[in-house]
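Reading through the structure tokens given below for one structure.
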Amino acid sequence: MSGSVASIKGEGNCEVPVFDPFDVERVRARLTEFLRLNADAKAEVGALRRYTVGFSWVTYGFELSIGNKIQNLILRVGPPNGIFSPYKASPESITLQHLTDHGVPVPRIHWFSDARDTFGAPFFICDLVPGDVPIPWTMDGGEAFGADERVSVGEQFLGALASLHNFDWRRKLEMAVEGVTDTTKTAHSQIDYWVGRMHEWSERRFPMLEWAAIWFRDNAPVASRISVVHGDYRIGNFLEHEGRITAILDWELVHLGDPLEDLGWICLQAWRGRSPYMCHLFTREELYERYEALTGIHLDAAAVRYWEAFGTFKLAVMHLGATHCYEARGFNDLRMAGMGAQVPRMLLQLETALERAA
């Protein structure tokens, strides 16, 4: 979007700011105004730093000063033309608020809004958590973790997932998080959502994707239970500091559904490359054994293979979304164009995953 446009007319002819991720000073000014109204009239915002991380929400770090108290915080804004637009801050923020102190390391949420009157887009503000993000793509194509670190981080990674899947979401998240509570419809709900996005994001039809969608409908498993599903639980979406996972990140796809959906996603080839370790952390057998021990959920290996294949389909559709937001929505991020170039590779991975699941 053009940085020269400051606002547009919204409902009731009211001015709504236009979100320009590159106009950092304007974002800082709007943030200061919001915090003086909602935190303290004397709130001061230090320099705003935009992080070049994440493929979805736009992320800034800043220092909030109120008198002698200083906090390091994160602002995340859902760009109107981003890959998963239109965004909502409430599902992720309310989920994180309820998960705090329940065995899942998450950033503490301070404020959030789905309205556009502050930044021109939904947003939330949370704590800055120390740590670095391990990523699946290593420079030499080797392992992302040493042997001891792999075991320690893997145990924490699965422990947090077990806490999430065992979390009692009833009467807490039913009204805030989308999804289904009928165990016979969890897969069909996800198929409908991602097929809808596929058709929205691409006028071109890909026979492999269309055929895969039919196979998924014909072979949909029944969930053993309904859990909170992260939707993007993997290496690359958590922070690690001095050997400890300090926060699970990127909850924009959170929903109610089959917990094995997260297990299948962990197993995607995209997150391990040539490594024998799922997400560079554990063998498939180790993953199944530890997950069953931690959750008490009996694993149906065929269902995990189904969700692994579906996750590959979902990731391919995300690549179409990246292409669409770059070419048609004007989201000026060359990483989106790069994802579009990977669609053929994703179709090959989907074919392999379907053969294993069939």
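The values are calculated or read from the model by the stated rules, or taken from the named source; none is laboratory data. Not measured: the values here are computed from a predicted model. Heads up, the Cβs are rebuilt from the backbone with ideal geometry, glycines too, and the neighbour counts pull from every protein chain shown. In case anyone asks, the SASA skips ligands and DNA or RNA and just uses the protein heavy atoms, side chains included. Shrake-Rupley method; radii C 1.70, N 1.55, O 1.52, S 1.80 Å.
For the range 115-136, the set of residues classified as part of a loop (DSSP other than H, G, I, E, B) and β-branched (Val, Ile, Thr) consists of 118, 129, 133, 135, listed by residue number.
Could you list, in sequence order, all residues of the range 320-339 that are open to solvent by 20 Å² or more (accessible area, probe 1.4 Å), touching a helix residue (DSSP H, G or I) at 6+ places or on another chain (Cβ under 9 Å) and not basic (Lys, Arg)? Talk me through it step by step, then tell me what you get.
To start, the set of residues in the range 320-339 that are open to solvent by 20 Å² or more (accessible area, probe 1.4 Å) comprises 323-324, 326-330, 332-335, 337-339.
Restricting the remaining residues to those that are touching a helix residue (DSSP H, G or I) at 6+ places or on another chain (Cβ under 9 Å) gives 323-324, 326-328, 332-335, 337-339.
Selection gives 323, 324, 326, 327, 328, 332, 333, 334, 337, 338, 339.
If you take the residues in the range 20-47 that are hydrophobic (A, V, I, L, M, F, W, C) and over 28 Å from the mean Cα position of the chain (by Cα), which one is farthest from residue 75 (Cα to Cα)? Even if it seems obvious, please write down each step before you answer.
Step one: of the range 20-47, the residues hydrophobic (A, V, I, L, M, F, W, C) are 22, 24, 27, 29, 31, 34-35, 37, 39, 41, 43, 45, 47.
Next cut, over 28 Å from the mean Cα position of the chain (by Cα) only: 37, 41, 43.
Numbers: 37: 16, 41: 19, 43: 15 Å.
Filtering the range 20-47 for residues that are hydrophobic (A, V, I, L, M, F, W, C) and over 28 Å from the mean Cα position of the chain (by Cα), the one farthest from residue 75 (Cα to Cα) comes out as 41.
Can you confirm whether the range 254-274 contains a residue that is polar (S, T, N, Q), in contact (Cβ under 8 Å) with a residue 24 or more places away in the chain and part of a loop (DSSP other than H, G, I, E, B)?
Going residue by residue through the range 254-274, those that are polar (S, T, N, Q) are 269.
This time we only want the ones that are in contact (Cβ under 8 Å) with a residue 24 or more places away in the chain, so: 269.
Within this subset, residues satisfying the condition of being part of a loop (DSSP other than H, G, I, E, B) are none.
No: zero hits.
One residue stands out among those in the range 179-220 that are β-branched (Val, Ile, Thr) and in contact with a helix residue (DSSP H, G or I) (Cβ under 9 Å, 6 or more places away or on another chain): the one that is farthest from residue 345 (Cα to Cα), which is 180. All of (1) of a type outside the set (D, E, K, R); (2) surrounded by 14 or more Cβ atoms within 10 Å (Cβ to Cβ); (3) without any contact (Cβ under 8 Å) to a residue 40 or more places away in the chain; (4) assigned to a loop (DSSP other than H, G, I, E, B) hold for residue 54 with one exception: (3).
Within the range 127-176, being open to solvent by less than 10 Å² (accessible area, probe 1.4 Å) and either of a type in the set (A, V, I, L, M) or closer than 30 Å to residue 63 by Cα (or both) holds for 153, 157, 158, 160, 161, 162, 164, 173.
Taking first residues from the range 23-39 that are touching a residue at least 24 places away in the same chain (Cβ under 8 Å) and partners that are open to solvent by 40 Å² or more (accessible area, probe 1.4 Å) and outside any helix (DSSP H, G or I), the Cβ contacts under 7 Å between residues at least 6 apart in sequence or on separate chains come to 24/50; 38/111; 39/66. The set of residues in the range 86-104 being of a type in the set (Ser, Thr, Tyr) and surrounded by fewer than 17 Cβ atoms within 10 Å (Cβ to Cβ) consists of 90, 100.
With respect to being over 30 Å from residue 80 (Cβ atoms), open to solvent by 70 Å² or more (accessible area, probe 1.4 Å) and not basic (Lys, Arg), residue 187 falls outside the description.
For the range 288-315, taking the residues that are open to solvent by 20 Å² or more (accessible area, probe 1.4 Å) and among the small types (Gly, Ala, Ser), the one that is farthest from residue 165 (Cα to Cα) is identified as 302.
Selection of the range 214-253 for residues being of a type outside the set (Asp, Glu) and part of a strand (DSSP E or B) yields 227, 228, 229, 238, 239, 241, 244, 245, 246, 247, 248.
Is it the case, given these coordinates, that residue 304 is assigned to a helix (DSSP H, G or I), out of contact with any Phe, Trp or Tyr (no Cβ under 7 Å at 6 or more places or on another chain) and β-branched (Val, Ile, Thr)? Before the answer, list the steps.
On the way: assigned to a helix (DSSP H, G or I): yes; out of contact with any Phe, Trp or Tyr (no Cβ under 7 Å at 6 or more places or on another chain): yes; β-branched (Val, Ile, Thr): yes.
So residue 304 passes the test.
Looking only at residues of the range 18-31 that are modelled with pLDDT of 95 or more and open to solvent by less than 20 Å² (accessible area, probe 1.4 Å), we find that the one that is nearest to residue 330 (Cα to Cα) is 27.
Restricted to the range 191-202, and to residues that are within 10 Å of residue 320 (Cα to Cα) and not hydrophobic (A, V, I, L, M, F, W, C), which residue is nearest to the chain's Cα centre (by Cα)? Write out each step before concluding.
Restricting attention to the range 191-202, the residues satisfying the condition of being within 10 Å of residue 320 (Cα to Cα) are 197-202.
Filter once more, so that each one left must be not hydrophobic (A, V, I, L, M, F, W, C): 197, 199-200, 202.
Numbers: 197: 16, 199: 21, 200: 20, 202: 21 Å.
Here the answer is 197.
Name the one entry in 272, 225 that is among the basic types (Lys, Arg) and open to solvent by less than 30 Å² (accessible area, probe 1.4 Å).
On inspection, the qualifying residue turns out to be 272.
Determine whether the range 100-114 contains at least one residue that is touching a helix residue (DSSP H, G or I) at 6+ places or on another chain (Cβ under 9 Å), aliphatic (A, V, I, L, M) and in a helix (DSSP H, G or I). Within the range 100-114, not a single residue is touching a helix residue (DSSP H, G or I) at 6+ places or on another chain (Cβ under 9 Å), aliphatic (A, V, I, L, M) and in a helix (DSSP H, G or I).
Per-residue answers, yes or no, for (1) farther than 21 Å from residue 24 by Cα; (2) under 16 Å from the mean Cα position of the chain (by Cα):
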residue	(1), (2)
89	no, yes
95	yes, yes
112	no, no
119	no, no
122	no, yes
135	yes, yes
149	yes, no
160	yes, yes
167	yes, no
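All but one of (1) within 28 Å of residue 22 (Cα to Cα); (2) among the β-branched types (Val, Ile, Thr); (3) open to solvent by 40 Å² or more (accessible area, probe 1.4 Å) hold for residue 352; which doesn't? The failed condition is (1).
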